[in-house]
1. For GLN99, only one of the following conditions fails: (1) within 24 Å of SER307 (Cα to Cα); (2) surrounded by 14 or more Cβ atoms within 10 Å (Cβ to Cβ). What is its number?
2. Among the residues of the stretch 89-118, write down those that are over 26 Å from ASN347 (Cα atoms), in contact with a Lys or Arg (Cβ under 9 Å, 6 or more places away or on another chain) and of a type outside the set (Val, Ile, Thr).
3. Can you tell which of PRO454, PRO483 is out of contact with any helix residue (DSSP H, G or I) (no Cβ under 6 Å at 6 or more places or on another chain) and surrounded by 15 or more Cβ atoms within 10 Å (Cβ to Cβ)?
4. For the stretch 368-377, what are the residues that are part of a loop (DSSP other than H, G, I, E, B) and open to solvent by less than 10 Å² (accessible area, probe 1.4 Å)?
5. Could you check the stretch 42-94 and list, in sequence order, the residues that are more than 24 Å from the chain's Cα centre (by Cα) and closer than 16 Å to ALA363 by Cα?
6. Only residues that are more than 17 Å from VAL376 (Cα to Cα), hydrophobic (A, V, I, L, M, F, W, C), outside any loop (DSSP other than H, G, I, E, B) and open to solvent by 10 Å² or more (accessible area, probe 1.4 Å): list them for the stretch 320-358, please.
7. Got at least one residue in the stretch 378-393 being at positive phi, out of contact with any Gly (no Cβ under 8 Å at 6 or more places or on another chain) and open to solvent by 10 Å² or more (accessible area, probe 1.4 Å)?
8. Taking interchain pairs and intrachain pairs at least six residues apart, which have beta carbon atoms under 9 angstrom, with the first residue in the stretch 487-500 and of a type in the set (Phe, Trp, Tyr) and the second in a loop (DSSP other than H, G, I, E, B) and modelled with pLDDT under 95?
Amino acid sequence: MKPLLPRLLTGILAATLTLPLSAFAELPLVPDRTDWSAPAAAWWSHVQYLADDRLEGRRAGTPGYDKAVAYVEDQFRQAGLKPAGLNGYQQPVSLTPYQLNTEKSSAHIHRSTGQVQFVVGKQLAIAPDSRTDVTAPLVFIGYGLRIPRKHIDDYAGVDLSGKIAVFFNAPPERLQGPQRAYARGTDQRWKALRGTGAIGMLALALPRYIPGQETMTPEQIAKAQPQSAGGPRVTFADSRVSSLPGLQFSGSLTNADAGEKMFAGTGHTYADLLALAKAGKPLPFFPIPGTFTAHTDIERSAPVSASNVIGLLPGSDSKLKNEYVVVSAHLDHLGIGREINGDNLYNGAMDNASGIASLIECAKLLASQSHPKRSVLFIALTGEELGELGSEYFAKRPTVPEAQIVADLNMDMYLPLFPLRFLEVQGLGESTLGNDARAICQFNDVEVQFDKQPDENRFVRSDQVNFVKQGIPALAFKFGWTPDSPEEKTFNDWVKTRYHKPSDDLNQPVDKVAAAQFTLILAQLTTRVANEIPRPTWYPESSFNNLAAAR
């Protein structure tokens, strides 16, 4: 194997890992005459293997994903990491593919004027958590949120006992920050609704805006909507892992015609309510006439296994080695699906072979030095593209004591498309990990940025969210840019033309040197967090501070 880093770079890393923080000020990220070609090539070699056509897109539960698991296992072994799964390095996650049989499923509202039918699969989507048969009244509760810290309570004064709550899955205008997405997650919403005595929930989704749709026909708009790469949906084979206990019905209305039928006779129109929801304006609360009945037929296939891959770098301190810093990235991608420009293989080079490559190289980097005080868990997670399933499984059934996990540093599509001058740190203002990231980046002459596109809610849209739900402070990363810069255009063009598309392959421009530099920063940050005596903590003003109290 080629040397991981040139001798000069290794010396610089050793200095950054052992000197007191004040000694970092004169150590820039790219010292004069440092050759980054070797670490860049090492990083790229992992991307080349994982995003190769032979792995067929690494969809969890497929032979291609199994090849990726074997590769990461071998790399962890070479790095000297100890196995930390249940079966060696692997933590198997059993997943059941399922499909809604739309012909055998049905839904309607019975009113004094007759039955209002909804076409399952076209007007109404039903989640697999739903019971076979459900009959209940419906109540519209606006945005359907209860967030005491934000003084939001859409349940106040509403009787939801034994009823199905209907709401727009949108954030009110006054709800800002990560809670715009976090509180609207299915599990968080149900956790709040269950306490009211509700038995189910029915969401109204805002139509996705397509640029230029003002001049499109409805057929053109439908065709332009993002498509899934393909393959059946999956859920945990073990229903005990479910985060939705007691839920009897979960579904969503998928078009305007269904919405208008739903609100007929209420004194409100779907169009009027949708306009308010799009603007984040206050919404009324009211009962929906009639009784809703749904019959759900879910066809389940034989379970498949898709493993998390977990390697342990033992800590050097006799006491702190029993605490763990997690460094994570998801290993899976979308597999084979809808053909775009003659290509139906979704390689996932940046999403997220790039993150796994940095995970591997960070592990090798830290293993080659004196180990930090705390232990470090390196985890290649499964099922992120299927709903962050691998991280949810690990967070609920960790292979080390959950109370001893102090932080998660997660990588998902951090996009090394241009030189590393700015680093967007998601979760920067939520916990003391933000100050750790600031310090390390400052020492390397990289400017830290908050999330510049907060409406995308990236901090709670990837695997770190499942650690956050357990009260564990976390960070995630993206290469940063400044407004109206060439880098901004590159970033946005990539999201538009390559995100979840077959063109996210090995034939795209990538700044391999910048990726290697990011990996070094990740190693430094991991070591700083693992060496600090106090554990990372949420800031008192963070929306997630209350989760820490439950640990």
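The values are calculated or read from the model by the stated rules, or taken from the named source; none is laboratory data. The structure presented is a predicted model; accordingly, all values stated were derived computationally and were not measured. Cβ sites come from the backbone with ideal geometry, for glycine too, and all protein chains shown count toward neighbours. In case anyone asks, the SASA skips ligands and DNA or RNA and just uses the protein heavy atoms, side chains included. Shrake-Rupley method; radii C 1.70, N 1.55, O 1.52, S 1.80 Å.
1. (2)
2. Passing the criteria: LEU100, GLN117, PHE118.
3. On the way: PRO483 fails: surrounded by 15 or more Cβ atoms within 10 Å (Cβ to Cβ).
One residue alone meets the criteria, PRO454.
4. Passing the criteria: PRO372, ARG374.
5. Result: ALA42, SER45, ASP74, GLN75, ARG77, GLN78, ALA79, GLY80, LEU81, LYS82, PRO83.
6. ILE336, ILE340, LEU345
7. yes
8. TYR499/PRO226
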